[in-house]
Structure formats: C-alpha cells, structure tokens
Protein chains: 2
Amino acid sequence: MAMDRDQVLRDAAALLSRKSTATMDEVARAAGIGRATLHRHFAGRDALVRALEDLGIREFEVAFDNARLDEGTAVEALRRLVAEAEPNAELLAFLVTENQLFEGDEVNEGWARLDARVIALFRRGQEEGDIRIDLSPAWLTEALYGLIGSCAWAVVDGRVAAKDFQYMIIELLLGGVRRSVEK
Amino acid sequence: MAMDRDQVLRDAAALLSRKSTATMDEVARAAGIGRATLHRHFAGRDALVRALEDLGIREFEVAFDNARLDEGTAVEALRRLVAEAEPNAELLAFLVTENQLFEGDEVNEGWARLDARVIALFRRGQEEGDIRIDLSPAWLTEALYGLIGSCAWAVVDGRVAAKDFQYMIIELLLGGVRRSVEK
DNA sequence: CCCGAATGAGACACCCACGTCTCATTCCTG
DNA sequence: CAGGAATGAGACGTGGGTGTCTCATTCGGG
C-alpha cells in the first residue's frame, strides 16, 4: 500500500542530507523500494526535492509551534527553538544549500512564513531589551540557520559531539565567543 | 598566451559561487573564453574545482598572513581575519558546500592547515582569557566559516547590506545576540 | 482461495553535459 | 610582413542519470 510516502520522504531526506548528489536509484534503494515505485510517488527528482522542501517546512512549523516562540523571554524561546530544531537540522542544512539553486523560480513561500516567525522573535527580543538592536533581525535569522547547519555538519563529520549540539549553538548565539570580563 | 589562467579561475569562482551547477560552457562564457580554451587550462570540471580549491586555500592563507593572527589579542586578530576574509567570502561559501561532496576522496590538506591556524587562534584566546573555554576551538572554527558563508549569501540575496558584512559577523561572533545588561 | 492492485526488476530511449577533435581565424613575435 | 602559436566556434561521440514502459511477482482484501 502507498502508506509510507512519508517514510520514503524521510529516508530520502536522510540520504540526500548527507549526499546531495545521490541518484534516484540510490534514493530508492535507501528507502527500500524500487526506482519505479519511487517515481510513482514523485514525478521526478525535482518533485522529490520540492516534496522534501515541503516536509522540511512542515517539520519546522511544528518545531516552531512546539517552541512556543511567543512565550517567556525571547532568549528562552530561542533556547526552545534550537532544541526543537535539532532533529531536523540536517534536513535544514540540505534544503538551505539546495535552495541556492532555485535561482528565480518562485521559492516556496513557506520559507517566508518561517523567516517571518524567527524575525518576529528577534524583533520582540529587541523591543523587550533582551537582544541587541545593532544586529538586524534578518541577519540574526540567517545566522541562526547558518549555525544550525554548520553544527549539523560538524556533528556528522565528528568535529562536534552530538550531545553538545544545542549547547554549542545556543551559547555561541547568545553570548558570543568573548569571555565576559565582569562575570 | 596563457596569461590569465588565474583570471579565468577568478571568473569561474565568481560564477560558481553563485551557481554551483553552472555548465563548463557557462563558465567559459563567464570568463570570456571558449570552452575549448577552458579545457586547455583545466583538464575537466573536476580539475577546475580542484584548482578553485587551491585558489581559495591560497587566498585564505594570504588573508591569514595579512591578518597577523599571532599579534595582539585573539579578539583583535579575529577582527582582522574577518576583514581580510571578506573579499573571498563567496568563494569560501562555494568551497565549503562543494567539499561536502568529496566524500572520502582525500580532501585537500590545505584545509587542515587553515583549520589549524584558526583553531590555534581560538585556543590562544582561550589561554589568554579573552575567549570562553566552554566552546571548543573546532566548533568555533566551523561556526566562523558558517557565519562568513551565511553572511556572504545574505549579502548576495540583499538581506544584508554589503557594507555591514564585517560588522554583522564580528559583532555576532564576539558578543552574541544578547544585550549586555550592564552596558 | 482468488482476483486485483501495488510493487520490483529491468529494458529502453532520451537528454544533457562532458571531453575530444578539427579548422578557420586572430594575435603575437621575430 | 611572414610564420607559428593560441584561440573561438562548432561538430562529434560518449556516459550517466532520468523518465517511461513492460512484465512477472507479491501482497492484501473480499
């Protein structure tokens, strides 16, 4: 039964996150199905990537919901956000680099929705005095994505321990590298 | 005459940094030469990417030299480093994502040399008390690359003003997003 | 148990980019 | 100015991945 289109998608995500040039045949094999069946689910490679994009956006919308970005201070929300994002960090890294390719061809509007939520979070933090105002929310959003992606790769490559994922990102993002003088 | 093999390389870098899937034909056109001539300079696409890798490594080694990573405090050196890296930020972004593809096939050892220098810088900062010790130098190095790459993309996409490049990276990296309480 | 739907394996043609080659033209040098 | 080297344009064959199709097999529901 066509039950596990979603499972196929997740297997594809797992593979493509690590090897973005994987063949349709490799994707099919990774998902434990035949190439023909893969094509029955997704018209072509492009459609597969788009579906992956949708999956990623869905996942992150759920993650954002779970992180309750509106509750507590922005800093607290940010901590929750990173924690919720961790399971899909690799997928994010894949999609971000993949998106560089979609030159003009209408980018999925889901990204704009997600961006808006993160930007709003940073802006709220700025208004409440928790976050510095000399760094634009748009840049902070980009930087957040970048750090999550970088850390995901670093974990895959063994340069960062998986258990340190959240700590490394959050601590760097919140406090920077400089050692506080007065603390 | 084969005068501008280096110029060809830079044109290729400029194009491939933005469109990593560009055709050899597009690369040639971007460099203002014929595809045949391009092949006379670089045996194939692979050789081109390798040459680009060498170029990037060379550029960054020069940048690191100019940044005088051993002088002054680590924080000062970091500022100089980001400033020196700016002209080649896009190239770095391209090479970093491209490197994800070179699965096992011996990665250029130049990266290890560069990494070692940055890691040494962070370690020096930690020993001198300027940089916090709860974030590993390896991660800080990855994060630095990630932020440079992210900011380069953000500039290309118009989400960050080019003139803010250094400031955005350095300020975020040094101080984080949190607004100092006592400042 | 039987029948239909879904699947896997493979064959097949297609397309695009690659790499090679040729040839006329341009450019530099002597 | 003449000759040789380098170049650009294009033709050509090739390979690898894609997308479609067929057919035998398996699976699941009636």
Exercise. State all residues of the stretch B:38-53 that are surrounded by 14 or more Cβ atoms within 10 Å (Cβ to Cβ) and more than 6 Å from DNA strand C (Cβ to nearest atom); if no residue qualifies, say none.
Key: B:L38, B:H41, B:F42, B:L48, B:V49, B:R50, B:A51, B:L52, B:E53
Quiz prompt | Hits in the stretch B:108-158 - residues which are under 19 Å from B:E76 (Cβ atoms), facing chain A (nearest Cβ under 7 Å) and among the acidic types (D, E) | solution = B:D130
Quiz prompt | Test: residue in the stretch B:22-42 that is under 30 Å from A:L95 (Cβ atoms), within 15 Å of DNA strand D (Cβ to nearest atom) and acidic (D, E) | solution = yes
Quiz prompt | Yes/no for B:F165 being assigned by TED's automatic domain parsing to the domain that holds B:T73, assigned to a helix (DSSP H, G or I) and in contact with a Pro (Cβ under 7 Å, 6 or more places away or on another chain) | solution = no
Practice problem: Could you tell me whether the stretch A:14-22 includes any residue that is away from chain B (no Cβ under 14 Å) and within 13 Å of DNA strand C (Cβ to nearest atom)? | Solution: no
Self-check item: Exclusive hit being within 14 Å of chain A (Cβ to nearest Cβ), buried (at least 20 other Cβ atoms within 10 Å of the Cβ) and in contact (Cβ under 8 Å) with a residue 12 or more places away in the chain, set B:A85, B:A93
Solution: B:A93
Practice problem: Restrict the check to the stretch B:71-79 and report whether at least one residue is within 14 Å of chain A (Cβ to nearest Cβ), hydroxyl-bearing (S, T, Y) and buried (at least 18 other Cβ atoms within 10 Å of the Cβ). | Solution: no
Practice problem: Tell me, yes or no, whether the stretch A:51-63 has at least one residue that is over 10 Å from the mean Cα position of the chain (by Cα), within 14 Å of chain B (Cβ to nearest Cβ), within 16 Å of DNA strand D (Cβ to nearest atom) and under 17 Å from A:L15 (Cβ atoms). | Solution: no
Practice problem: Determine which member of the set B:V107, B:V62 is assigned to a helix (DSSP H, G or I) and either hydroxyl-bearing (S, T, Y) or on the phi < 0 side of the Ramachandran plot (or both). | Solution: B:V62
Quiz item: Given the structure, is B:R10 of a type outside the set (A, V, I, L, M), within 16 Å of DNA strand D (Cβ to nearest atom) and touching a residue at least 12 places away in the same chain (Cβ under 8 Å)?
Solution: yes
Exercise. Scan (1) at pLDDT 95 or above; (2) at the interface with chain A (Cβ under 9 Å from one of its Cβ atoms) for the single condition B:E182 breaks and write down its number.
Key: (1)
Practice problem: State whether one or more residues within the stretch A:24-33 are more than 16 Å from DNA strand C (Cβ to nearest atom), in a helix (DSSP H, G or I) and more than 22 Å from B:W153 (Cβ to Cβ). | Solution: no
Practice problem: From the list B:L48, B:L121, B:L101, pick out the single residue that is within 16 Å of DNA strand D (Cβ to nearest atom) and assigned to a helix (DSSP H, G or I). | Solution: B:L48
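The values are calculated or read from the model by the stated rules, or taken from the named source; none is laboratory data. Bear in mind the structure is a predicted one, so any value in this text is a computation, not a measurement. Counting neighbours? That spans all protein chains shown, and the Cβs are built from the backbone with ideal geometry, glycine included.
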